[in-house]
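Contents: one structure, followed by commentary.
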Amino acid sequence: MMSTAPAPRPVSLPVLLIEDEPAVMAYVRAALERNGYSVVCTESGVEGLRMLGSGEFLGVVSDMRTPGGVDGADVHAWVSRNRPDLADRIVFITGDIANEETVATLSKTGAPCVEKPFRVQQFISVIERTLGKAL
């Protein structure tokens, strides 16, 4: 007789969070996890690209400015070339919205951006529109 075990529940892919400020990383991670997303964190764009090259992610949340010579614009450009499935699943966060480079990057990529400091609900609303609701 065959067993009729329930189908396994789909496992949600994690969100890759690239943020170099520990307090902001903790805040964003907690907001995502409280809303059902799993999160993998890194402090640099360089490490983020390494992780994107070898892992599967639901999407990317990236600060515009990170140490190590790879910023949010570089992450988006790499994703567009190497992981086009994620190109429209990037959300930027920044406290530097008035910077000309930031404005140019946002205009060029069309990626949503949430300005620091932000409220959790404002952030989650953008995440859900961009990545979908967590499973």
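The values are calculated or read from the model by the stated rules, or taken from the named source; none is laboratory data. All values reported here derive from a predicted model rather than from experimental measurement. Here the Cβ positions follow ideal geometry from the backbone for every residue, glycine too, while neighbour counts run over all protein chains shown. Side chains are part of the model used for accessible areas, which takes the heavy atoms of the whole protein and leaves out ligands, DNA and RNA. Shrake-Rupley method; radii C 1.70, N 1.55, O 1.52, S 1.80 Å.
Here are the numbers for the structure shown:
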quantity	calculated
Cα long-axis angle, helix 120-131 against the chain (0 to 90 degrees, to the nearest 10)	70 degrees
Given charges at Cβ of Lys, Arg, Asp, Glu: the chain dipole, positive-most of Gly69, Ile93, Val40	Val40
Contact order normalised by residue count of region 32-75, Cα under 8 Å, 6+ apart, percent	40 percent
Separation of the Arg50 and Leu135 label points, Cα + 7 Å toward Cβ, nm	2.8 nm
Label point distance in nm, Asp85-Ala23, each placed 7 Å from Cα along Cα→Cβ	3.8 nm
Arg119-Leu13 pseudo-label distance in nm [points 7 Å out on the Cα-to-Cβ vector]	3.1 nm
Region 7-135 - accessible surface per residue (Å², probe 1.4 Å)	51 Å²
Relative contact order computed over the chain (Cα-Cα under 8 Å; 6+ residues apart), in percent	23 percent
Largest-first ordering by accessible area, 1.4 Å probe, given options Asp96, Asp63	Asp96, Asp63
Rounded percent of accessible protein surface that carbon and sulfur make up, the chain, 1.4 Å probe	55 percent
Calculated [θ] (222 nm, deg cm²/dmol) that DSSP helices of n ≥ 4 give over the chain, each run adding -39,500 (n - 2.57)	-12500 deg cm²/dmol
Ranking by accessible area, most exposed first, for Ser80, Ser44, Ser54, Ser62 with a 1.4 Å probe	Ser54, Ser80, Ser44, Ser62
Radius of gyration and maximum dimension Dmax of the chain, Cα, Å	15.8, 67
